[in-house]
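Below: one structure, written as structure tokens.
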Amino acid sequence: MNKWLVSIVAASALTLTACGDSEKEQAKTNEQSATPEQQSPAAEKQGAAQKEIVVYSSRKEHLIKPFFEQFTKETGIPVVYITDGAAPLISRLKAEGERSPADILMTVDAGNLWQATQEGILQPIESDVLESNIPESLQDPGNEWFGLTVRARTIVYSKERVNPENLTTYEALGDEQWKGRLCLRTSKKVYNQSLVAMLVARHGEEKAQEIVEGWVANLATDPFSNDTKVMNAIEAGACDVGIVNTYYFGRLEKENPEIPVALFWPNQDTSGVHVNISGAGITKHSSNVENATKLIEWLSSADAQQMYAGHNMEYPANAEIKPVPEVEAWGSFKADDMNLSKAGELQPQAVKVMDRSGYK
């Protein structure tokens, strides 16, 4: 890791509950006191003229660091960050309040972003650039967050034991033909909670419960802790179909191009494939709104979008940008265009539906 960043991150980690301004000043002091070889090129070039952006991110370091470095290289604006889970970061922002050093919250899943708006820790972003680059279905109705990458949560199947002509919809995975053949990830993961929340939005709570009960009745084994294990089980013959995020499939395919598992795009004659996002919002007490807006706008731009989405084999949120070739090779699909704020708004109902259905 860049030594300059290490010093900043370490400073942030040691001041979890300290006053926010002090934390930012400490980070700046560390930067200024670093030896020349420890300073970022941008910081050396711009010095104190550019005000640094502080990002709280639930995305892992390797998925954000290259883009922050590129942004700094192009604009001269330093970016420092800390990473943690979405829930701890939201709690931290609430606890820090006006003293928070954070300018941007970056996280995955619209459910988490919706929760951040409910906690009152974000502020509306006024940006014609973001309005132009990001479709309405991938942004908060109040403009408190914008999607930056898109991930499809779709059906995956065994190429050896399943005729894809027999696959149709998420709802149909509860049909008799899939009894003892379905594998799912745990209901505790927000990705599945958002999927079921969108089923509640489409069908109502009663019908959604009927669908989920069908899934549970067809399970081949207990739910797995992650999507990779679902696909490993299909590959091993423990089950034949499952539901996963596409980038997990991409990672396995990259390791083994001959993997006997394939993606299927469901609901093409109805609601479309369930998609979700990673996204970002500006914190309520940011003291650097101008530069924070610049960073989020830059991440939505053409050059940054393909790199940012492609780095994790996701889809660009900017509809004008093509995905990377590996992702494009999976084929095109109709995506659900219902506003993703519903995924957060209806998550409490989704969790109740899953509990009542016996989905663990």
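The values are calculated or read from the model by the stated rules, or taken from the named source; none is laboratory data. Since the model is a prediction, treat every value here as computed from it, not as a measurement. Glycine gets a Cβ as well: all are built from the backbone with ideal geometry, and neighbour counts include every protein chain shown. What goes into the accessible areas is simple: the full protein's heavy atoms, side chains included, and nothing from ligands, DNA or RNA. Shrake-Rupley method; radii C 1.70, N 1.55, O 1.52, S 1.80 Å.
Annotations for the structure displayed:
- Tally, over region 325-349, of residues that are in contact with a helix residue (DSSP H, G or I) (Cβ under 8 Å, 6 or more places away or on another chain) and either at positive phi or open to solvent by 30 Å² or more (accessible area, probe 1.4 Å) (or both): 8
- Of the set (1) within 16 Å of the chain's Cα centre (by Cα); (2) at pLDDT 95 or above; (3) surrounded by fewer than 20 Cβ atoms within 10 Å (Cβ to Cβ), all apply to GLU297 but (1).
- For beta carbons closer than 7 Å, sequence separation of 6+ or different chains, a first residue in region 157-172 that is open to solvent by 80 Å² or more (accessible area, probe 1.4 Å) and a second that is among the hydroxyl-bearing types (Ser, Thr, Tyr), there are no qualifying pairs.
- Yes/no for ILE282 being open to solvent by less than 20 Å² (accessible area, probe 1.4 Å), in contact with an Asp or Glu (Cβ under 8 Å, 6 or more places away or on another chain), more than 25 Å from LEU195 (Cα to Cα) and without any contact (Cβ under 8 Å) to a residue 60 or more places away in the chain: no
- Boolean, ALA152 is in contact with a strand residue (DSSP E or B) (Cβ under 6 Å, 6 or more places away or on another chain), crowded, with 23+ Cβ neighbours inside 10 Å and part of a helix (DSSP H, G or I): no
- Answer from MET354, MET313 - the residue that is farther than 24 Å from ARG59 by Cα and open to solvent by less than 40 Å² (accessible area, probe 1.4 Å): MET354
- Within region 212-242, the residues that satisfy the criterion of being under 20 Å from THR168 (Cβ atoms) and within 25 Å of the chain's Cα centre (by Cα) are VAL212, TRP215, VAL230, ILE234, VAL241, GLY242.
- Restricting GLU74, GLU69, GLU96 to those that are surrounded by 21 or more Cβ atoms within 10 Å (Cβ to Cβ) and assigned to a helix (DSSP H, G or I) reduces the list to GLU96.
- Any hit, region 278-285, residues being out of contact with any strand residue (DSSP E or B) (no Cβ under 9 Å at 6 or more places or on another chain) and under 26 Å from VAL80 (Cβ atoms): no
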